[in-house]
Structures are given as structure tokens and as C-alpha cells.
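So the structure is just underneath, and the comments pick up after that.
The values are calculated or read from the model by the stated rules, or taken from the named source; none is laboratory data. Just so you know, these numbers come straight off a predicted model, no measurement behind them. Because the Cβ atoms are built from the backbone with ideal geometry, glycine has one as well, and the counts that use them run over all protein chains shown.
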Amino acid sequence: MSQTTTKLPLAIKPGSPFYRTLLPINTTKTCSCKPNHLSCLTAKEWVKAQLGVWRFAYEKRDIRDKNLHPATFPIALAKKVISLFTHEGELVIDPFVGSGTTLVAAQDLNRNSVGFDLQEKYIDLCVERLKSNNLFNQSQQIAVQDDARNIPLYFAPGSVSLIWTSPPYANLLNRKRKNKSRRGDERKNEQFGKVEQYSQDPRDLGTMPLEQYTQAMGDIFEKLLPLLKPKAHCVINVADMWWENRRLTVHITLVEELRKRGYELRNIIIWDRTNIVNRVGIFGWPSNYITMGTTFEYLLDFWRPPAE
């Protein structure tokens with residue numbers, strides 16, 4: 001039975017009657033799956049999802065324009081994560097929703113979803129994409145212009161079935177782009193020399209060096225943990241980065257930090273991006289072998305441990 005009592009707007013911004021209040025949105029499954037099932041996946045779909053390396057292709061609805069958003073991921077990726085860890089009607093939240101891909105995927109799959117972002121332009125982009133998707137189901141998708149630190153104001157403890165997000169990777173983008181992942185003439189394209197950071201807002205995790213970023217992520221996710229149902233999952237998409245010829249292992253620092261904050265790591269999945277990267281540059285040849293996040297990223301799968 002749906003808990004929803006109010007039709008919520010597609011966007012909630014400062015000044016809205018729903019701003020920083022408990023949202024009347026459904027959080028329980030509307031499917032007929034058995035109680036012990038993690039999701040609506042069939043056995044055949046489950047077997048495919050067990051492979052630890054995932055690949056995806058972009059579709060027409062995906063955003064590839066860096067001028068709209070500097071870091072996006074395919075709708076297919078979000079749909080696979082949401083399908084694997086939730087039932088129809090349950091609630092998915094994205095603390096760093098950006099261009100709104102999580103909301104579009106949730107809309108496709110009849111899951112309720114709420115995404116948060118500091119920047120009004122990205123909230124407006126989310127609304128535009130949701131309107132153009134134009135699917136008819138019983139779920140709701142909402143984009144909220146607010147700091148991820150305020151998410152606990154919107155949901156009751158134990159109401160969220162999945163946290164799924166691709167956060168800023170520390171200050172990876174907060175520097176002039178050199179396009180080392182490009183080859184030949186593609187290196188000096190329209191992105192060359194640009195700083196593609198989301199914003200220079202001091203609250204923005206993308207402005208922070210790794211140590212400060214890790215602390216801020218830990219603070220945010222510690223507050224999110226009580227919102228998850230016991231054994232509900234939290235999946236974070238991250239990449240390592242290179243800074244002054246040193247590899248900064250973002251995925252390792254986040255695993256260690258979230259463990260300190262009460263999360264249990266369940267899986268690490270590799271998102272293999274080689275099929276969607278064109279003409280990869282020859283990094284470090286001939287004397288300095290390095291692997292780059294341009295061809296793969298990590299999907300860190302945690303859950304809220306069951307009560308002892």
C-alpha cells in the first residue's frame with residue numbers, strides 16, 4: 001500500500017513549503033516479490049549481475065555535453081544498480097544528483113527517488129529531463145536544491161532502500177584540463193585548458209583536497225546511515241586520480257572512512273569504460289606505466305549492517 005499522501009513537485013528549492021521538511025513520499029515496495037528477495041530481479045538477471053566487471057553504452061537520453069554537466073554516467077548504469085538493490089515503489093536517494101540521471105533511471109523503473117544538489121542550474125536540468133521522459137507510473141522523482149548535509153531533514157530513519165551516487169572526486173576537476181586521456185588532434189579540443197569544476201562554492205566537495213574531502217564524505221554518510229533500512233545498500237561510484245605524478249587512491253580512502261562511520265563493505269565492482277572512451281592517450285610511455293580512471297572506475301557497494 002502506498003504511503004504517498006501528497007503529489008510532490010518535481011523540484012524543491014529554498015522557499016518551497018517542502019524545503020527541509022519530512023517528505024510525504026512512499027518508501028515501501030508495491031510489487032509482489034517475496035519478503036526475502038533483495039529486489040525484483042529474476043534468477044537469470046541475478047546471475048548476470050554477479051559478474052564483477054560491468055560495461056554500459058550510452059543512449060540518446062544520456063547527457064554527453066560537458067557544458068551542461070562536467071561528469072555524467074549512463075542511465076544504464078543507474079538502472080542496473082537500482083534494479084539490483086530495490087523493489088518497485090521503494091525509495092532511492094542520490095546525495096549528489098547532478099544532471100539527474102539517477103532520477104531518470106528511477107522513473108523508468110517505477111522507483112521513488114529524491115536527488116540533492118547545491119546548484120540551481122542542475123536542479124533545473126533534472127526537471128527538464130524528467131518532463132521529457134514522460135513516463136506514467138505511480139512513483140515520484142524529486143530534485144532538491146540543498147546541501148547533502150541536510151538530507152536527514154527530509155526522511156524518517158529506516159525509510160531508504162538505496163543510496164546511489166557518483167559524487168565529486170575531491171578536487172579532480174578543479175584545475176585546468178590538459179586532456180591527457182586524448183590522442184592527437186583531440187587533445188586540444190574545446191575542453192583544453194578549462195576548469196570544469198561544478199562550482200567554487202566552499203560547500204562543494206569538488207573544491208576540497210583529498211583529506212578534507214574524505215572527512216566531509218564521512219560526515220555526510222554518517223548522517224545518512226540511520227536513514228537506510230537494515231541491510232539496505234549504499235553504492236558509490238568513484239575513480240582514483242593522479243596529482244603531481246602520485247596516484248591518489250580515492251576508493252581506498254572512502255572504503256576506510258565509511259567503515260569507520262558504520263558501513264560494511266560488501267562488494268567492489270569495476271565499471272569498465274573502455275567501450276565508451278575514444279582514442280585513449282598513451283600515458284607514461286615508454287618509462288612510466290600507469291593505469292588511469294579514464295578507462296575504469298569503482299562501484300563501492302556498502303550496506304547498513306543488520307542489528308545484532
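So the values come out like this:
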{"read-out": "Residue among Leu299, Leu265 that alone is more than 19 Å from Tyr58 (Cα to Cα), in contact with a strand residue (DSSP E or B) (Cβ under 6 Å, 6 or more places away or on another chain) and at pLDDT 95 or above", "value": "Leu265"}
{"read-out": "Strands (runs of 3 or more DSSP E) completely within segment 217-297 that count 2 or more residues being within 29 Å of Ser83 (Cβ to Cβ)", "value": "228-238, 264-272"}
{"read-out": "Residue satisfying all of: in segment 23-57; in a helix (DSSP H, G or I) and of a type in the set (D, E, K, R); farthest from Asp94 (Cα to Cα) among these", "value": "Lys44"}
{"read-out": "Count of residues meeting criterion [surrounded by 13 or more Cβ atoms within 10 Å (Cβ to Cβ) and among the charged types (D, E, K, R)] in segment 22-39", "value": "1"}
{"read-out": "Where Thr274 falls short, out of the listed (1) more than 22 Å from Ala156 (Cα to Cα); (2) within 16 Å of the chain's Cα centre (by Cα)", "value": "(2)"}
{"read-out": "So Asp108, is it at pLDDT 95 or above and under 16 Å from Asn67 (Cα atoms)", "value": "no"}
{"read-out": "Conditions (1) over 22 Å from the mean Cα position of the chain (by Cα); (2) surrounded by 14 or more Cβ atoms within 10 Å (Cβ to Cβ); (3) more than 30 Å from Ile123 (Cα to Cα); number of the one not met by Thr42", "value": "(2)"}
{"read-out": "Residue in segment 7-21 that is closer than 30 Å to Glu297 by Cβ and surrounded by fewer than 19 Cβ atoms within 10 Å (Cβ to Cβ) present", "value": "yes"}
